[in-house]
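The values are calculated or read from the model by the stated rules, or taken from the named source; none is laboratory data. Predicted model, so just to flag it, every value in this text is computed and none were measured. Cβ sites come from the backbone with ideal geometry, for glycine too, and all protein chains shown count toward neighbours. With ligands, DNA and RNA removed, areas are computed over all heavy atoms of the protein, side chains included. Shrake-Rupley method; radii C 1.70, N 1.55, O 1.52, S 1.80 Å.
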Amino acid sequence: MNNYIKGKITKIIYENNTNGYYVLLFKVNNSSKEYEEYKNKSIKVTGYFNNINTYDNYNLYGEFFSHYKYGDTFRVDKLEVEEKTEENSIVDFLSSDLFEGIGESKAKLIYDKLKDKTFEIIINNPNNLLLIDGITKKNIETLHDTLLEYETSYKTIIRLNELGFSQHESMIIYKKYKSNTLNIIDEDIYSLRRNIYNITFDKVDRAAKNLNKQPNDIIRIRDIICYIIEIVTFEFGNDYLLIDELKYEVLTRYNELNEEDFIKGLNSALEEKLIIKNDEKYFIKEVYDSYKLICSRFKMLSHKKDNQKEYNKIQKELKIIEKNLDIDYNKEQEMAITNSIYKDITIITGGPGTGKTTILKAICELYKIHYKIDDNTFIKEVALLAPTGRAAKRMSNITNYQASTIHSFLKWNKDTNLFQINEYNRSHVKLVILDETSMIDIYLMGNLLKGLITTCKFVIIGDYHQLPSVGPGDVLRDLIESNIFNCIYLKQLYRQDKDSNLLSLAYNIRDNYLDESLFNKNIDLNYIKCRNDEIINNICEVYKNINNPNYQILVPMYATTNGIDNINTFFQDNFNPNEILKNETKIGGITYREKDKIIQLNNMPDSNIYNGDIGTIERIEYDPIRLTANFDGIEVTYTKNMFNNFKLAYSISIHKAQGSEFDIVILPMTMDYRRMLYKRLIYTAITRAKHQLYIIGDIEALKYAINNDSSNRRTALVELLKGK
């Protein structure tokens, strides 16, 4: 790290108090050879800092980049504070607003008496300052405590840098533990991984080696065990590991350990309650605690006593809703809507086309009538929530009330992975309506319950035959299969004609069955048989005959000849080729050009754009490079530091499509996808199609997927709910 600039901070342009991120104005007085052009100039710098000020001289190490807002900006990877030895710098420092009540005259008195030993004496022998006229005990306390904190933070961050942590990581660690940081890393450096978001095990393990910690240190082994449970359960979506599985994973991945080491580490992890053992199942504590909370809260809500008079009143109020909305609900829907108000917890489930989401409007209107409240009160009392921005946006469109993601409702801090709405700061909403609940994992459901008052009612909506959450657990399925809760199954079809072959296929798949006679009878369900090497060409032929822009190619995996990456490249080359009047740029080895179809990968709520939204690149500009995309009329401009927010989207993964609907879906099928072919994935794919589905390739691959239930997760919620 040889490139540097030296100088002083002259202004704070932006600061984030949570994570220590700053944008600063910096006056450069010296630099390495590469940056000589910036000498005696004021520039913008960004980075993660602690106790920055305008009186210290800093050595900043890093590099320049083009910031979308500030232009040429220096990104700081490491900083050093120049030692203060000269009279002017020491006096300036002590008289700064960092030391309240000192001022220039007292600072000069101190320096005149102590000279170049000023800082050493203030920290180690502060009572010597009593010999200086005009210096009070309060002054001494201020000088000692402030300087000690200042010196400690600087030296601690330098030490963390030496151990291999980045400036950003070092800042986060210091903000967490302050003056106790060095004690923490000496006693249990592995606790950093458990307590600080995005500090990885490998990073901590390397730092431990730099501290000369031994490979078979029991603290290391117990954290390896915690780490293995976390990554393996997350990979497969299971909630726990059995002892033989855990031992195998630990000793295979860390072959420097033996069985005796494993047993000692396991016992230590159990004693420290880092992991929980329940009936031969080993859980990460947070997962187990989430389970216990879900069990206790939902079971409590399910015990409401029946009141026939209230129920009859709600039924009459629903008739008013039907008249106002000019809708006749069927018996299942009436029960779902009525119970949503009458019961403290209601689960509504059903397959595609059964109107799960469309009854949301009636539930909201019935709540207002029953409790005699206006819109403003409704907004305060009811939270409409979904796991994704797309699903929340759809809830808003249907109900005409603001819906949000669960993360947004809980005020998630992405830098710390903590929620501001929690067990210590609860929301007081009285009803939560959850849509697309199959996508909610055990961690998120647990954190949602922590942030709600115990009397808050729940309406839980979703199709548990769809893909489960990305994280561990299968919450919706388990709640339904426990048979403990009030659950309404919607069966009558509304989205398409009840004789729709597309819907028939969906229900076939759900029931592990395939009726091949459904294909090619009507326009809604089409099958094109072809070899693997013909799939992409056939997709192109179908695409040429599609006049509807609301189409999507859904693919189970990125790799292989017929994977997402190859299809995207082929489509771009054939349907949006390079042209002299069309700008393009290469990002991460992938070419993007104007008119390309892209998918948003992260939530950008300020722009009303969310993970999974699909748009088109309208403009690519150079110097500095910028891409502007259109998402259904909303324009978003991406600058260089935002290029990880999107990908080409001629084809996308089925996982990314969950929670979305398209008029037309094209689904390639080949045994090359074998490791990703399972029932819930394919069911999710075909239920994304509202009007037409094209399956292209090998029917045997579809049959294989339908008969493969291997994606079913190993969870414990049903057992815990039933008290087993």
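For the reader, a short list of remarks on this structure follows.
- Helices (runs of 4 or more DSSP H) contained entirely in region 419-511, each with at least 3 residues that are closer than 23 Å to ILE341 by Cβ: 442-450, 475-481
- Considering residues of region 600-629 that are of a type in the set (S, T, N, Q) and open to solvent by 40 Å² or more (accessible area, probe 1.4 Å) only, the residue farthest from ALA386 (Cα to Cα): THR616
- All positions within region 590-627 that are at positive phi and at pLDDT below 95: ASN608, GLY612, ASP623
- Hey, THR639 of a type in the set (S, T, N, Q) and either in contact (Cβ under 8 Å) with a residue 40 or more places away in the chain or open to solvent by less than 40 Å² (accessible area, probe 1.4 Å) (or both) or not: yes
- Comparison of THR399, THR416, THR388, THR455 shows that the only residue that is open to solvent by 40 Å² or more (accessible area, probe 1.4 Å) and farther than 30 Å from TYR174 by Cα is THR455.
- Of residues in region 293-349 being open to solvent by 20 Å² or more (accessible area, probe 1.4 Å) and aliphatic (A, V, I, L, M), the one farthest from TYR464 (Cα to Cα): ILE320
- Counting only helices (runs of 4 or more DSSP H) that sit wholly inside region 169-226, those with at least 3 residues that are more than 27 Å from the chain's Cα centre (by Cα) and within 24 Å of ILE275 (Cβ to Cβ) are 181-188.
- When region 516-554 is filtered for residues that are basic (Lys, Arg) and at pLDDT 95 or above, the ones remaining, listed by number, are LYS529, ARG531.
- Some residue of region 690-699 being in a strand (DSSP E or B), touching a Lys or Arg at 6+ places or on another chain (Cβ under 8 Å), at pLDDT 95 or above and open to solvent by less than 20 Å² (accessible area, probe 1.4 Å): yes
- Qualifying residues in region 523-538 (those that are in contact (Cβ under 8 Å) with a residue 12 or more places away in the chain and part of a helix (DSSP H, G or I)) - the one most open to solvent (accessible area, probe 1.4 Å): ASP533
- All positions within region 548-577 that are hydrophobic (A, V, I, L, M, F, W, C) and either open to solvent by 20 Å² or more (accessible area, probe 1.4 Å) or over 18 Å from ILE682 (Cα atoms) (or both): ALA559, ILE567, PHE570, PHE571, PHE575
- Scanning region 659-687 for residues that are touching a helix residue (DSSP H, G or I) at 6+ places or on another chain (Cβ under 8 Å) and open to solvent by 10 Å² or more (accessible area, probe 1.4 Å) yields SER660, MET671, ASP672, ARG674, TYR678, LYS679.
- Selection of region 577-626 for residues being of a type in the set (Asp, Glu) and closer than 28 Å to LYS414 by Cα yields ASP606, ASP613.
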